[in-house]
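Remarks on the structure that follows.
The values are calculated or read from the model by the stated rules, or taken from the named source; none is laboratory data. All of these numbers come straight from a predicted model, not from anything done at the bench. Neighbour counts are summed over all protein chains in view; Cβ atoms, including those assigned to glycine, are modelled from backbone coordinates with ideal geometry.
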Amino acid sequence: ADADLRTELTDGYHLVVDALRMNDIDTIYGVVGIPITDLARLAQARGIRYIGFRHESNAGHAAAAAGFLTKKPGICLTVSAPGFLNGLVALANATTNCFPMVQISGSSERHLVDLRQGDYEEMDQLAAAQPFCKAAYRVSRVEDIGRGIARALRTAVSGRPGGVYLDIPAAVLGSVMDAEAGARTLSRLVDPAPRQFPGPEAVDRAVELLAGAERPLLVLGKGAAYAQADDRVREFVESTGIPFVPMSMAKGLLPDDHPQSAATARSLALKKADVVMLVGARLNWLLNHGQAPQWNPGARFIHVDIEAREMDSNQPVAAPLVGDIESVLEAIAERAKPGRITAPAAWRAELGARSAQNVAKMAERLKADPHPMQFMGALKAVRDVVREHPETYIVNEGANALDIARNVIDMHVPRHRLDSGTWGVMGIGMGYAIAAAVESGGAPVVAVEGDSAFGFSGMELETICRYGLPVVTVVMNNGGVYRGDDVNPLGDAPSPTTLMSAARHDRMIEAFGGRGYRATTPAEVTAALTEALASGGPALIDCVIDPSAGTESGHIAHLNPKGITGGN
Ligand code: ADP
Ligand code: MG
């Protein structure tokens with residue numbers, strides 16, 4: 001009779017897992033503890049892949065990256081209060097980047113929290129999450145679990161994707177109900193991210209503008225990469241001949257060596273373009289807000305974005321195209337006769353000439369002194385090795401490590417570059433790298449990290465080793481934030497930007513059974529990376545870089561306010 005009773009009952013744990021599985025969620029990134037440990041165990045027992053991290057921010061960053069890579073919400077699971085808050089950094093970052101993600105956190109007893117009675121890990125998590133994500137929901141009754149999960153998943157992935165918080169109090173997880181009735185509370189989402197077509201007038205307006213342009217330019221952003229409309233994008237670019245500039249995470253959507261890429265003539269392209277079509281890219285700080293002198297003050301903008309509110313946020317948009325990229329490009333292809341939109345040859349030639357000049361200049365700079373090793377020399381070595389493995393995912397963060405690697409390492413495959421993104425944030429490295437390895441089913445990942453940036457998530461080397469993931473972390477070790485040669489004028493303590501230049505990051509991974517390498521010349525970087533990729537397992541290469549190499553804040557030093565000290 002006992003056995004009969006058990007098969008007829010379900011509980012909150014089971015309903016969460018069943019609801020996730022019913023909606024094709026196959027992976028959870030998390031850190032366990034009260035009250036969600038058994039939830040993780042049950043998910044794993046029911047065939048959901050569970051990846052356990054050492055810190056919730058990193059689990060959250062992994063979930064966010066998984067969302068970007070798969071166009072399905074990545075799931076991050078955390079405990080209450082502090083674990084929840086750690087995850088919130090990633091949830092906010094995902095929302096800023098428009099990556100679909102759901103953070104599910106267990107929470108304390110409502111009646112104790114609401115009267116501030118001082119429960120274990122007491123916190124009003126729903127209220128705390130609200131300002132940092134696209135939406136926050138709480139499930140207060142076991143029979144609402146299916147609805148809560150459906151709502152969270154749809155909100156994350158529909159319209160402009162973003163982060164969603166789902167609060168599940170401990171008591172709800174432990175609530176028991178009749179199994180059949182429980183099953184009826186669950187549902188599978190129909191068309192979670194519906195297509196959105198622009199109106200015909202909007203399409204004609206944009207086509208008209210493009211057809212009349214003398215110096216048209218496309219800016220492809222990570223929204224275009226996310227949309228997985230790769231064939232459409234290529235067809236549009238190649239049938240019109242319009243030059244394009246990829247934002248960093250759109251690199252590889254079309255290969256960086258595509259003849260229409262104006263990446264190597266970016267400044268000229270921005271300065272001179274008269275009609276600019278933004279495709280899944282925002283005109284934010286990363287594009288100087290569309291302002292002169294970086295941009296032609298007379299430029300007119302066409303903006304393709306799923307979010308209507310994004311239009312006019314920085315510059316007036318002459319032709320808004322609100323919809324998903326696939327549908328918008330399909331509509332343009334239908335309404336513009338072949339040959340109507342073209343890119344004048346003089347413009348293409350002008351950009352081509354500038355590109356050739358810049359490529360030659362870069363080749364000169366890449367002949368950096370081998371010793372002491374410079375960023376350029378080390379990163380050229382990385383570039384040459386990964387060129388042989390175009391399926392490699394590149395994760396990239398740091399100041400100089402980011403700026404230089406972005407320009408030096410070419411991408412050839414869509415959605416294979418993950419970096420600091422819209423916030424220019426540090427700390428995404430190991431989380432993004434783990435997600436890339438997990439979601440790709442074992443493609444090689446090379447994480448190019450500044451030594452400072454690496455420190456934010458370095459403990460996840462243990463996670464990488466525990467799961468045996470093919471992640472090679474390449475640390476650009478110049479012994480400091482920005483640079484390693486800053487001096488404290490009082491001489492009594494390290495300067496604020498100083499890190500230990502003698503640090504042996506390679507020994508960190510050896511502690512967990514991974515392969516550690518130390519490289520002092522580009523030739524040693526080449527040898528180490530070649531061997532590490534061939535091994536197919538976790539590795540770390542500590543690249544000893546000249547401490548005087550690098551510039552403060554990399555390419556964005558102008559963002560430092562200047563007071564009476566005159567800045568740096
Ligand atoms: P980048 O930093 O690469 O320039 P952004 O993150 O600024 O890119 O911009 C991405 C944009 O893409 C966001 O405004 C987002 O609303 C939009 N977007 C995301 N997915 C889609 C989609 N499927 N169709 C159209 N726009 C999208
Ligand atoms: Mg550094």
Looking only at the stretch 311-325, which residues are near ligand 1 (Cβ under 7 Å from one of its atoms) and outside any loop (DSSP other than H, G, I, E, B)?
Ile325
Of Ala81, Ala135, Ala129, Ala92, the only residue that is crowded, with 19+ Cβ neighbours inside 10 Å and under 30 Å from Ala229 (Cα atoms) is Ala92
Of everything in the stretch 440-494, what is of a type in the set (Gly, Ala, Ser), free of Cβ contacts under 8 Å to residues at least 12 places away in the same chain and over 17 Å from Leu418 (Cα atoms)? Give them in sequence order.
Gly491, Ala493
Among (1) closer than 20 Å to Lys222 by Cβ; (2) assigned to a loop (DSSP other than H, G, I, E, B) - the single one Thr95 does not satisfy:
(2)
Determine the pairs where a residue that is more than 13 Å from Pro259 (Cα to Cα), located within the stretch 352-363, has a partner that is modelled with pLDDT of 95 or more and hydroxyl-bearing (Ser, Thr, Tyr) with Cβ atoms under 6 Å apart, the partner being 6 or more residues away or on another chain.
Asn358/Thr264; Val359/Thr264
Does the stretch 141-157 include one or more residues that are crowded, with 18+ Cβ neighbours inside 10 Å and not in a helix (DSSP H, G or I)?
no
Out of the residues in the stretch 463-520 meeting the condition of being aromatic (Phe, Trp, Tyr) and under 21 Å from Val382 (Cβ atoms), tell me which one is farthest from ligand 2 (Cβ to nearest atom).
Tyr517
When the residues of the stretch 10-62 are narrowed to those that are buried (at least 17 other Cβ atoms within 10 Å of the Cβ) and among the hydroxyl-bearing types (Ser, Thr, Tyr), which ends up nearest to Glu460 (Cα to Cα)?
Ser57
Please enumerate the residues belonging to the stretch 505-525 that are free of Cβ contacts under 8 Å to residues at least 60 places away in the same chain and under 19 Å from Ser452 (Cα atoms).
His505, Asp506, Arg507, Met508, Ile509, Gly516, Tyr517, Arg518
